Structure formats: C-alpha cells, structure tokens
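The values are calculated or read from the model by the stated rules, or taken from the named source; none is laboratory data. Remember, it's a predicted structure, so these values are computed and weren't measured experimentally. No Cβ is skipped: glycine too gets one built from the backbone with ideal geometry, and neighbour counts run over all protein chains shown. These area figures cover heavy atoms from the full protein model, side chains too; ligands, DNA and RNA do not enter into them. Shrake-Rupley method; radii C 1.70, N 1.55, O 1.52, S 1.80 Å.
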Number of protein chains: 4
Amino acid sequence: MLTIANHTFGSRLFSGTGKFSSTQTMLDALIASGSELVTLAIKRIDKEQGTDNLMAPLTKLGIKLLPNTSGARNAEEAIFAAQLAQQMFNTNWLKLEIHPDPKYLMPDPIETLKAAEQLVKLGFVVLPYVHADPVLCHRLEEVGCSAVMPLGSPIGSNQGLLTREFIEIIIEQANVPVIVDAGIGRPSDATAAMEMGADAVLVNTAIASSKHPVTMAQCFKQAVHCGHQAHLAGLGQVSNQAHNTSPLTGFLQADCSAQSNMGTN
Amino acid sequence: MLTIANHTFGSRLFSGTGKFSSTQTMLDALIASGSELVTLAIKRIDKEQGTDNLMAPLTKLGIKLLPNTSGARNAEEAIFAAQLAQQMFNTNWLKLEIHPDPKYLMPDPIETLKAAEQLVKLGFVVLPYVHADPVLCHRLEEVGCSAVMPLGSPIGSNQGLLTREFIEIIIEQANVPVIVDAGIGRPSDATAAMEMGADAVLVNTAIASSKHPVTMAQCFKQAVHCGHQAHLAGLGQVSNQAHNTSPLTGFLQADCSAQSNMGTN
Amino acid sequence: MLTIANHTFGSRLFSGTGKFSSTQTMLDALIASGSELVTLAIKRIDKEQGTDNLMAPLTKLGIKLLPNTSGARNAEEAIFAAQLAQQMFNTNWLKLEIHPDPKYLMPDPIETLKAAEQLVKLGFVVLPYVHADPVLCHRLEEVGCSAVMPLGSPIGSNQGLLTREFIEIIIEQANVPVIVDAGIGRPSDATAAMEMGADAVLVNTAIASSKHPVTMAQCFKQAVHCGHQAHLAGLGQVSNQAHNTSPLTGFLQADCSAQSNMGTN
Amino acid sequence: MLTIANHTFGSRLFSGTGKFSSTQTMLDALIASGSELVTLAIKRIDKEQGTDNLMAPLTKLGIKLLPNTSGARNAEEAIFAAQLAQQMFNTNWLKLEIHPDPKYLMPDPIETLKAAEQLVKLGFVVLPYVHADPVLCHRLEEVGCSAVMPLGSPIGSNQGLLTREFIEIIIEQANVPVIVDAGIGRPSDATAAMEMGADAVLVNTAIASSKHPVTMAQCFKQAVHCGHQAHLAGLGQVSNQAHNTSPLTGFLQADCSAQSNMGTN
C-alpha cells in the first residue's frame, strides 16, 4: 500500500481531469482507472455552482481531490491559488505547479521550492511537480513535501520517460514517495516507471485524448499494477550476450548424422 | 482472439520452458501466465520416459505444445529435429529456430527460409524465429509460414525491443500474426510490443530468471493484455511540445492582484 | 589504411551521387568529402552519351566507381544490372542492392546471398547492402564478398544508427570490412559508427539534401576521421555513477569556517 | 566566433584539467584540443608554489583559465571559493559548481542561482553548471550569468546526451551561450551537441581517461568543429520512410526480359 501524509492508497495510478470530451466520459474513465487521487485545476470549479462542478461526483466516488496550481507563474500566485483551492475543495492537499513558460510548461525550481516551504508551514500537504532534478527533489523533501512529482517529459507531450536515468537517481535517494508525472503517453511508459521503483504515476493526456478513454484508463490501471508487481518480484539482469533458454541439445550429434538423409524427405 | 493456423488462442502471451529452477516452478509459472502455447526444446523430453517429461502435465493443463528446433545449425538439422518432435509430441506445430552462432544465437535467414519451405510442404505449422527483417518475414509468409517471430534483441539478453522500428514495418506489412520473440526482459517491453500492434509475444528468460517466477508470469500476463487493449483503444499522438491538461486559468488575473498580499500570509 | 579486395583507400567515407540539385554541386561535394569510392546507379549513365554522364569527371578526380544495382528486385535482375554496369563503367566492383519493397527499400537477404554467390564466381568484387543481420553478413563473407554493408536505418530516412547493437556484433565477428550504409543522417551518426569500429560509412542523402552540400561533405569527412581516430585511441568506460574530474578539495574544510562570513560580502 | 562576456573564442571545445596521468600529458592534450578556455579546481594550485602549478604553462599557451568551485556544497562555500580563485588566478571568470551529493555530483539549482546572483554583483563572469532545466537556465540568464552549462549526464559517467530533449529547449530559449557540460563520453556526443545548436561543449573525463589523451583531444577538436559546421549548414529532415538515393531505374523493364537468361550465365 502506498502512504502519502498518512493517507493510504490502494491504487498507484493517479489521474487528471483535463482534456476529456465530456464530464461523463471523464467520470467513467476515472472509475475505470481505479484512481483514488485525482488532480484538477481550480478554474474547473465554477464559483457560482456552474455546470462544470466536478467536486460532488468525484467525492461521491470516494476519490480524494488534489487541486493543482496550474497557471501560476511564481510562488505568490501559487500560494494564492492554493488558498483559494483550500476553501473551494475543503482540502489541504495540493499539487504545486509553477510554470512560467507557456510553451513547454517546464516547472520553475526556485519558485516551487519557495512556495513549497511556505505552503508546508501553512499546513498544506504539498506534492510538487518538478523537473527530474535529484537535488531539487531532496530539498523539497527537506522542507516537508509529502512526495515529489518529477516529470518524464513535457506535459501532454506523450513522449514518455525521457528522464529515465535521473528518475532512477531520485528513486534511489528519496525518502518520500516518488510519483512520475507528465509525459507518460503509453501504458508501457507507466509500467516502465513502476518497474524502476516509482511509487505511483500520474496520467492525464494519454487517457483523456485516447479515442476510447475508458478502455485506456483500464489499460493504465493494469500497466501500473503489473509494473509495480514486477518491481517487487525482481527483474532479471540485462546482458549484452545471448543466453539460450533451450539448452543446446545433444540429440543432433547423436542422431543426425545417422539419419541425415531423412532431413530432406 | 488470435488465430494461428485455424487454432484460436485466448492469451497473447506465449511462454518458454527453459531456465526454470524446477519443473514445479515452471508449471506454476505457466499456469500463472495464462499461456495457451508453450515452446520447449526437443531434448527436454526423455525418450526413455525420464524425469523431465513435461508433456503430460502441460497437456493436462490444456496448453498447446510448440516444440522448437533450438540447437539446429542448418536446415537439415532443423528438419530432422522437427520430424523427431512431431513423433514425440504428436503435433505438427513447430517453432523453427536455426542459429549457427553460439554466442548471440542469431538466427540464420537463409537456412530458416529453406527449412520453412520444406517443413510447410511436409505439413508442419511453421512459426519461424528470425531477425527483425521485413523482407525475410514477407518471404516466410509467402512460403506458407503461419506466423513470424522477429526478435527484439538477442535471446536471453533481456535487452528489450532494440528492433522497434523494424518490427513496426513488419507489423505494417504482414498478413500473418507477428509474434515478438527473444529479448523481452520486462513487462513494459511486452506492453510496448503489443501497443505497436504485435499479435503476441513469447517470453521465457524474463519469467524463468526472476526471483519470483509466478508473480512475474502474472505481470507479463497483464502487461500483454493491457498493451493489446491500448493498441485497440488507440494511442495518443506524440508531440514535441507541452499541451496543458489544466487549462490556463483566468482566476489569477482577476483575483491575484487584488489579494496578492494574501499570498505570503 | 582501409583495404578492400586489394585496393587501398585513404578515406573511410564513401559517398553516393543521388539527390544532388546539380551535377556540379555533386562534384564539388564529392571533392569536399575526400571520398575515393563513389556509388552510382546504372541509369545515371546515359547510353547515348547524354548530359548526365558522371563517369568522366569522377574518373578524372581519381575516384573509384562503385556501380549499384538499385532498382533490382531479385537476384536475376541484379546480376543483369551488374553485367550491364561492368560494361558501362569498365569495373568489376559492385554494390549489390536488391530491395523488392518500394516503401522502405529493405534489402532481400535471400536474393542478395544468391546473387552475391554468383557474382563472386563471375569475377565481381561484391559489396552487398544488407539488413544488420550478423549471420547473413557471415554468410556473405563465406561466399566471397569483399565487404558487408549493413544498414543503420531505412535508406534516405536520416534516422541514424537504429541497428547499433547488431552492427556491433557484425563488427565483432566479421573478417571483411564493415561499411555502415543507409540512414546515416548526421555527422554524429558517422562518428558513432566509426567509434564502434566500423571500417567505413557510406553517406548520400545527408549530404545531398543539405542546404549546403559542400560544407556538409566536409563535416562528414571530419566526422568519419575523428570517429576512426577515437576508436583507435580507445574510448573511456561508461559508468552509471559520477566520477569527479575536479578532486574534492580540502580548502573548504580548512578555510571556509574561519572566513565564512566573507562569503556573502 | 563564440563570444562570452566580450571575450571571443576561436574554439568551441572547452577542456578540464582533472584525471590526467601527468601534468605533461595534460598540457599536450590541451594543446592538441585547441581549447582556449580551461577549467581547473582551486585545489590544483598549490598555495606554496608546489609541483602542481598549472597556471604558468597554461597562461603561456594563451589559454584562458576558468576556475571552478568543485567541492562547494552551498552558495556560501562557492562564493568563498570564487573569491579565493579570483586572488589566486587573477581572473573574475568562474565556473560555478555546487553539488551537495557526493555520489552523482548533481548540481543544486537553488544554491547555484543564489550564488550566481551574488557573484554577478561581485563582478564575476559566471558560467554555472546546472541540470538541463530550461527554467533554471532562463533564471540564471536573468541574474546576469554569461553562459549556462547544462549537463548531458552525470559528471565523469561518459553516458553522453541523456538530456538531449531538454538541451534542445534550452538552446531554443537561451539568449546567452549554451555550453554542454558533463557526461560527454565520445566525440560523437560532442558532435551531436553541436549539431543541435549548442555554442560549445566542455570535455574532461573522456579525454583524460583515454589511453591516448592527445589523440582523443584531437578527435574532440574535430568533432566539435564538424558538429558546429553541420549545424550551420543545415541538417536534413528525418523521415520514417525510405527515400531512394538512386532513382528507380527503367533499364530493367526495358532490357531485363529480353536478356533475362543472361543473368545467370
């Protein structure tokens, strides 16, 4: 079981709520994914009780909400958004996202650490989205973040685990859960992240933009589960050379010459 | 459902029987894998009804046997082995393997095509193990092979899908099932092969050499299933740029300046 | 120095003549490349002494011609083309290309071996273009080919060394020169092939389709040379861990505490 | 020509001075590399005019010195080291390195930015060694750094350009020179970095730990030069499909059927 800030999760697949064609499709996909933690942007909650209110159905499903500060360009905006989210969603959990760059949405390490430190002091359970930077992850852990969320590749790019070697270092050194976030485009990427020893993955675009989001959500559920199981079971060594699975047989030496003309009959 | 030579398979994971620590572990792993087709080397059947007889328990489990010609160095030896296997296992199904090189066990394209052509004429259902060579796969299909089995990387190396781009071409062009064989070291490799559109994968070393072969067999079962489902559901586009899953919010512009001193409180 | 069939080459960069915007650009690029062996398709020689006659200027530059059988779909067509080329170009050197597939131009291993065997008997110096298949390369060597030309990726795709691990095996096992052909898109690909121990590379599209073919030809000349030199000099070990180049200093322990308030002044 | 802080460099290969077997070998390799900027750790200068004094011979060669703060674990230590270096080497140029982690020597983004800001104010020309983090690079540029030095892979690992996609983003967005530092293990890595548009590369381990450092230094000199030239000349498009360099010939249709029996004679 995965525990973050004293909360235990049965599923290691976390999901997002963006980019779905309809709210119903999103809810169906979330149910299919088995996710127990779901991130959503503040804007999606209409302050006037509008049609986009996701809170009630998600809460009804027993899904824990993880508001994110997407859109914040610095610590101040992120902290403001966090406090807004706390009131709206009635939760102190927060996915901290600060990305000043509108093209690649790369996170800002400096503002993220600054905001994280303050938000932890304000009582938030902070899960920061960051570059796959081992030292930064360590510092976020030191200021009290409950997990770290290094990126695999740019958000929404479906490019997969471009940062594989650095995530391995982060996993090796972290004392809080490591959740691979952003860029996971295929179930095999999720499986690979879990095989490496990640504690969880967060997937959004790959599910939401599939032609069949519900089926794809099921695929990711399985992919995460089997990657985690494989990590626990222990993966085999990689070798530069072949190792025969079928032992070289003696039957040929013994029999083949005697009956060799049988071969072509 | 996958159909090879009029035989239908519910599972797209095929397994091998080599390298297991004991026969019982092997049987448990095969059950856990859900495999309905299992390859085994001829030598493993003791002609004098010895202790290594796998045939009875496998058959009892309803598993179809796929004898392989591992150890054969040319067409003549392979054909001889095939005929021996046919008598012993009472099946005309055959995994055709011809690898003259003892270090990397790379298959011989020339002898494989020659043997395949003759074995098809002799009534065998031939599944040839080959390099990920699109033209060779096409020619094997033309002489009547029932499937093609291109390699991902050297047998037993656990190096994964080194031949990814060529397997994609083979899948695009083939009219018979494409079974990715050899080198699949992690469940994520199996998932990736199925996402690309492979019809099945054959796994042996990665399961047999795991510390927990039964668990690993379950992982591969799931990995193959979810990769296939993801292929059917349709994978998202890969992009060089980020695509925000959380729409950039307007809340900041509206509210943040007015309350910006709230941010750091 | 590289020797193929008793002919010695000062340059390990071989070039092609296709896709250039003009004959003059091609000649300038070939001179800049330093290539001493250049491949060209039979059709490029106009039998009626037309405008596309490349033979005279190339020969004048001291460049050896390597006619290729591009367009041949089987051994018979290739042998016919070879004999035509022999008359036209007055050379028994031949780049043997047989690719029945018009989309990916993947070579046919069976027809290539068949044609190679006959052409060697007919007195040709045969350099076959093949998939990066170690066993096939070995067999081509056995029938008397003077070199093998495994592909890096599909012709003209500029995808680079997709077959890296298999080319390494071919280099390890070959007793004739290994020339990496097809797919080399960047100078760094050529350098990488030479670092692995390839004897030469053949480049065409990457030079011809550059905006500045002459400059690009010079780049490839250098890239091949430095890759080869690096191979001879011996490359360093790859490690999973950092190894400090600047020894960890003692100055900090000694001095920093005493003067630590100096730091921020 | 490359300009950093009003200083112009004829060579885009920067070198290090660590790990060489002897001072003489190091000097010979530096000369062979053509480097005009060379980094060295403070400790290498013996304050008592000891045997390891590199300063005089390097200066004599016209090589500009770039002292580095290797060993510093935070901004305070780095600033102290910088000031020490300024006195010893009589230069305000500085390679800023802060890596608290002794295993992977990953740089600290927070302390690096903090130190950079202060050092710029103190009049240093600051070239910071950082993770390949586009936002961090942008912020370092904003506080007045004269270049950024993103890592390819862990220092001394020879793993090459693991951060390729992120370095591409950094290059796209930077207004100061981008120098790829750390992990470059082979000349082909250096070429590839330059092809992507890097302004320079810094190489140390790959040269110093080669069996033939002087030859390897020459290789890197060429590799950097040809990668830069190729970038300027314009690289060709990468395609998923083959593009024939030798136009499919008509000669076969015309002549082959008439003379097809000639083929096998």
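Quick notes on this structure:
- Among A:Leu61, A:Leu105, A:Leu119, residue whose mean-square fluctuation peaks in a GNM of chain A (springs only between Cα atoms under 10 Å): A:Leu61
- Total accessible surface hidden between A and D, rounded to 100 Å², 1.4 Å probe: 2300
- For chain A, built as a Gaussian network whose Cα springs stay under 10 Å, the top-fluctuating residue of A:Val214, A:Val224, A:Val130: A:Val214
- Area of D:His212 that stays accessible when all protein chains are in place (1.4 Å probe, Å², to 10): 90
- Rg and Dmax over the alpha-carbon atoms of region A:86-236 stand at 15.3, 49 Å.
- Per residue of A:77-83, other chain Cβ atoms within 10 Å of the residue Cβ number 6 on average.
- Shielding of peptide B:186-199 by partners, expressed as the average count of other chain Cβ atoms within 10 Å per residue Cβ, is 6.
- Its Cα centre serving as origin, the protein assembly as shown has a Cβ charge dipole (Lys and Arg +1, Asp and Glu -1) of approximately 0 debye.
- Shortest-first distances to equivalent copies, position C:Ala5, nm, label 7 Å out along Cβ: 4.3, 5.9, 7.3
- Shielding of peptide B:155-162 by partners, expressed as the average count of other chain Cβ atoms within 10 Å per residue Cβ, is 5.
- Each Cα pair under 8 Å and six or more residues apart adds its separation to the average, and for chain A the resulting relative contact order is 18 percent.
- Semi-axis lengths (Å, descending) of the ellipsoid that matches the C-alpha gyration tensor of chain C: 43, 22, 15
- Across the options A:Val238, A:Phe80, A:Ile171, the greatest Cα extent toward the positive end of the charge dipole of chain A (unit charges at beta carbon of Lys, Arg, Asp, Glu) belongs to A:Phe80.
- Cβ crowding within 10 Å averaged over residues, with C:225-234, D:131-140 ranked highest first: D:131-140, C:225-234
- Backbone N within region B:135-157 under 19 Å of label point (7 Å from C:Glu142 Cα along the Cβ vector): B:136
- Distances between copies of D:Asn92, taken at a point 7 Å out from Cα along the Cα→Cβ vector and listed shortest first: 4.9, 7.3, 8.8 nm.
- Each of B:Leu61 and A:Lys211 was given a label point 7 Å from its Cα along the Cα-to-Cβ line. The distance between the two points is 3.6 nm.
- Computed Rg/Rh of the protein assembly as shown, alpha carbon atoms with Kirkwood Rh: 1.00
- Residue-span extension gain [B:Ile31 to B:Glu172] - 0.36 nm each, minus C-alpha spacing: 47.6 nm
- Modelled this way, with points 7 Å down the Cα-to-C-beta line, the labels at B:Asn92 and A:Gln24 are 5.3 nm from one another.
- Axis-nearest residue in chain D [Cβ, rotation onto A], distance in whole Å: D:Pro109, 2
- Panel values: region B:119-158, Kirkwood radius from alpha carbon pairs, Stokes-Einstein at 37 °C and 0.692 mPa s, translational diffusion coefficient 304 µm²/s.
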